[in-house]
1. Name the long-range amide H neighbours of Thr97: under 5 Å, sequence gap of 5 or more, or other chain; modelled H, no Pro or chain starts.
2. In a Gaussian network model over the chain where Cα atoms closer than 10 Å are linked, find which of Arg36, Arg342, Arg208 has the largest mean-square fluctuation.
3. Report, as a whole number in µm² per second, the diffusion coefficient that Stokes-Einstein gives for the range 284-368 at 37 °C and 0.692 mPa s using the Kirkwood radius over alpha carbon pairs.
4. Dipole magnitude of the chain about its Cα centre, charges +1 at Lys/Arg Cβ and -1 at Asp/Glu Cβ only, in debye to the nearest 20?
5. For the range 321-435, what value does the Rg/Rh ratio take when both radii are computed over Cα atoms and Rh is the Kirkwood radius, given to two decimals?
6. Need one number: convex hull volume per residue for the range 113-170, Cα atoms only, in Å³.
7. Before anything else, pin down the relative contact order of the range 373-435: Cα pairs under 8 Å, at least 6 apart, normalised by residue count, whole percent.
8. Quickly work out the Leu211-to-Ala64 label distance, labels modelled 7 Å from Cα along the C-beta direction, and quote it in nm with one decimal.
Amino acid sequence: MPVQYTGSGAESIAASVEEAISRGALAPGDGLPPIRDLAGRLGVNANTVAAAYRLLRDRGAVEAAGRRGTRVRHRPATTPRSLLGLDVPAGVRDLSTGNPDPALLPIAFARAPQPRPLLYGEPAMSPELVEFSSSALSADGVPADHLAVTSGALDGIERSLTAHLRPGDRVAVEDPGWANLLDLLAALGLSAEPVRVDDDGPLVADVRRALSRGVRALVITGRAQNPTGAALSAARADELRKLVSGTDLLIVEDDHCAGISGAPLHTLAGSTGSWAFVRSASKAYGPDLRVAVLAGDRRTIERVHGRLRLGPGWVSHLLQDLAVGLWSDEAAARLVREAERRYTDNRGRLVSALTERGVAAHGRSGLNVWVPVPDETVAITRLLGAGWAAAPGTRFRIRTPAGIRVTIADLSADEIDPLADALAGAVLATGRSSV
């Protein structure tokens, strides 16, 4: 498919490149023409093409590759990782979504809060949410002197990063890690520095290497890490605190599965001068409850509040009141505890069943089990043939070996063994894989 470069200004030239990426005419790794060559073809000044390439780098579509010139990113922001999935045929059991079990979401039984007038100029956070969050976070060892509320976990992470970073800055992220976060970094023009994880969390040696490479921020998931289920252990947390103490590193923690993770929290909050801790209500109470509480140092929270005032202003107090009502309701708490028990049981049963069949698997916490595989395409295809769908690991990986993610949230007890048989058949058919 030929590439049609068009435009007379930086914006229109950049748009033609983005269109070529979206159509597939430019694939990941493909090079763009040298600046002077493209300027000659379009009849524009070389500075105009250089400005277009800068726009594309800032948008996460391309990257400078030294002597190899400017090339399309391996995962350009115009092609979200969430789209790198598979079509699930009718009749196939879909375990690729990462979703909680709808039957265990308290929001299905929630009562709408009584509306009350809220006027411009009033505090962005409801007093009830401030009081509840301060108590809950402090009990978990998270300093809660400065708080904000955002529209979900990813919104909170983005606002924390943009409060301190600029396009081109390097950010250490878990590998494999959350696909939406990797897309976000590309869209913000930030460079992802991969940090491998084991069951205890980010590897200290990799974080040390990332620091030596000049990363400005570290984004971690303390528990229910997506996709591997890793949970930061007390010992690993201590090692990381010692490593980052005294640095100017921004640490952003994502606590997206609070209440249902099946693992205790060992936070790094407050280990450095700049930090943010994001706790979302969506996974435990309902994905449509777009509320997350953000704790952090004073400067970070002040910058987040300032930018919110120039955009949406605040997160609706109707949603804030609904979240507080659910967090405080005993019936909702019982259902959340039941969900945590169910998810923990499903993970343990599946990992044990796979171990018995000679297949390595990881799932210490959260909603998923990560299965290393020799070949993702072969494993996914064989699973589909056996009636099961899992998420391909390419959505989540930067440099780590192949794997697939299996969501266990709504598995029934009688599905565990047939699923383990199918996974073993898919993995062992092309050679054993272990991590």
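1. Those qualifying (amide H under 5 Å, at least 5 residues apart or on another chain) are Thr407.
2. Answer for the Gaussian network model of the chain: Arg36.
3. This corresponds to a translational diffusion coefficient of 201 µm²/s.
4. 1400
5. 1.07
6. Cα convex hull per residue, to the nearest whole number: 141 Å³.
7. Contact order relative to length: 46 percent.
8. Label-label distance for Ala64 and Leu211, simple model: 2.7 nm.
The values are calculated or read from the model by the stated rules, or taken from the named source; none is laboratory data. Bear in mind the structure is a predicted one, so any value in this text is a computation, not a measurement. Cβ atoms come from the backbone with ideal geometry, glycine included; neighbour counts cover every protein chain shown. Protein only, heavy atoms only, side chains kept; ligands, DNA and RNA dropped before computing areas. Shrake-Rupley method; radii C 1.70, N 1.55, O 1.52, S 1.80 Å.
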